[in-house]
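*Asks:* Sending over a structure as structure tokens; questions will come in a sec.
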Amino acid sequence: MNQVTGKIGKKFALYLPKKIVESLKIKEGDRVRISVEEGKIVVEVVKSPLDLALHGKKFAKISAREVEQISLEEQRKHESLA
């Protein structure tokens, strides 16, 4: 999908075509970043941290055992400071 036509409404609201909304899997209330680049309006979807954690690209892997070990180490550090 290269180009579709949208519409500017009341109070300069930008109405996104259904094809765009569906392809980006966005919904009402999602946040966007809007900028102007070389005379063009650029609208980028800003994903919430929770959405990124659940659906974003994974870049690290840690086991439950490793999480527990790190937790115990951190607890020991805090106990020694008290």
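Values quoted throughout were computed directly from the atomic coordinates according to the rules given, and no laboratory measurement underlies them. These numbers were taken from a predicted model, which means no experiment stands behind them. Positions of Cβ are backbone-derived with ideal geometry, glycine not excepted, and every protein chain shown enters the neighbour counts.
*Asks:* If you check V67 against the conditions, is it in contact (Cβ under 8 Å) with a residue 24 or more places away in the chain and of a type in the set (A, V, I, L, M, F, W, C)? Before you say what the answer is, go through the steps one by one.
*Replies:* Values: in contact (Cβ under 8 Å) with a residue 24 or more places away in the chain: no; of a type in the set (A, V, I, L, M, F, W, C): yes.
So V67 does not fit the description; no.
*Asks:* Among the residues of segment 41-49, is there at least one that is surrounded by 10 or more Cβ atoms within 10 Å (Cβ to Cβ), assigned to a loop (DSSP other than H, G, I, E, B) and hydroxyl-bearing (S, T, Y)?
*Replies:* Within segment 41-49 (the criterion being surrounded by 10 or more Cβ atoms within 10 Å (Cβ to Cβ), assigned to a loop (DSSP other than H, G, I, E, B) and hydroxyl-bearing (S, T, Y)), the answer is yes, since at least one residue qualifies.
*Asks:* Next up: Does segment 1-28 hold any residues that are among the polar types (S, T, N, Q) and under 15 Å from E44 (Cβ atoms), and which are they?
*Replies:* S23 - this is the single residue of segment 1-28 that is among the polar types (S, T, N, Q) and under 15 Å from E44 (Cβ atoms).
*Asks:* Also, I was wondering about something else. Just for segment 5-33: of the residues that are among the aliphatic types (A, V, I, L, M) and loosely packed, with under 10 Cβ neighbours inside 10 Å, which one is nearest to the chain's Cα centre (by Cα)?
*Replies:* A13
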